[in-house]
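Asker: Below you will find the structure I want to go over with you.
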Amino acid sequence: QAQLVESGGGLVQAGGSLRLSCVASGSSVSIFLVGWYRQAPGKQRELVGTITAGGRTEVADSVKGRTTISRDNAKNTVYLQMNSLRTEDTAVYYCNMKIFTRDYWGQGTQVTVSA
């Protein structure tokens, strides 16, 4: 099993940057697929990007070119670096770890982008 704790959210102006962190315990981020999701008010949760055990990353088209995912194995932490933030990036951002058939989620961190 895994426990995930996100941090780094906050209020930022459009065009700004944020780095979100997902600290894992109980399982290693270097072994299992870790993803970042977001959910805006009134909308379904959507995938932002993933990082595989091998370190390969993918991001959604909506954030491509503005977002990178990275990992620090020693800290058992996955990061989501978001640049050139837009108002439509406003959402609660969640970290997810897939361990075989189970999904583990963090509590989320709020990102609010003001115009």
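The values are calculated or read from the model by the stated rules, or taken from the named source; none is laboratory data. Note that the structure is a prediction, hence the values are computed from the model and not measured. Cβ coordinates were reconstructed from backbone atoms using ideal geometry, including for glycine residues, and neighbour counts include every protein chain displayed. SASA here: full protein model, heavy atoms, side chains in, ligands and nucleic acids out. Shrake-Rupley method; radii C 1.70, N 1.55, O 1.52, S 1.80 Å.
Asker: Can you confirm whether region 70-87 contains a residue that is under 23 Å from residue 1 (Cβ atoms), open to solvent by 30 Å² or more (accessible area, probe 1.4 Å) and in a strand (DSSP E or B)?
Answerer: Yes; the residues of region 70-87 include at least one that is under 23 Å from residue 1 (Cβ atoms), open to solvent by 30 Å² or more (accessible area, probe 1.4 Å) and in a strand (DSSP E or B).
Asker: Quick check: is even one residue across region 58-65 within 17 Å of residue 7 (Cα to Cα), open to solvent by less than 30 Å² (accessible area, probe 1.4 Å) and either in a strand (DSSP E or B) or free of Cβ contacts under 8 Å to residues at least 24 places away in the same chain (or both)?
Answerer: No: region 58-65 contains no residue that is within 17 Å of residue 7 (Cα to Cα), open to solvent by less than 30 Å² (accessible area, probe 1.4 Å) and either in a strand (DSSP E or B) or free of Cβ contacts under 8 Å to residues at least 24 places away in the same chain (or both).
Asker: Moving on. Those residues that are of a type outside the set (Phe, Trp, Tyr), assigned to a strand (DSSP E or B), open to solvent by less than 40 Å² (accessible area, probe 1.4 Å) and under 18 Å from residue 21 (Cα atoms), I need them from region 88-115; list them, please.
Answerer: 91, 92, 95, 96, 97, 109, 111, 113
Asker: Give region 1-51 a look and list any residue that's among the β-branched types (Val, Ile, Thr) and surrounded by 14 or more Cβ atoms within 10 Å (Cβ to Cβ), or say none.
Answerer: Once the filter is applied, which keeps residues that are among the β-branched types (Val, Ile, Thr) and surrounded by 14 or more Cβ atoms within 10 Å (Cβ to Cβ), region 1-51 yields 5, 12, 23, 29, 34, 48, 50, 51.
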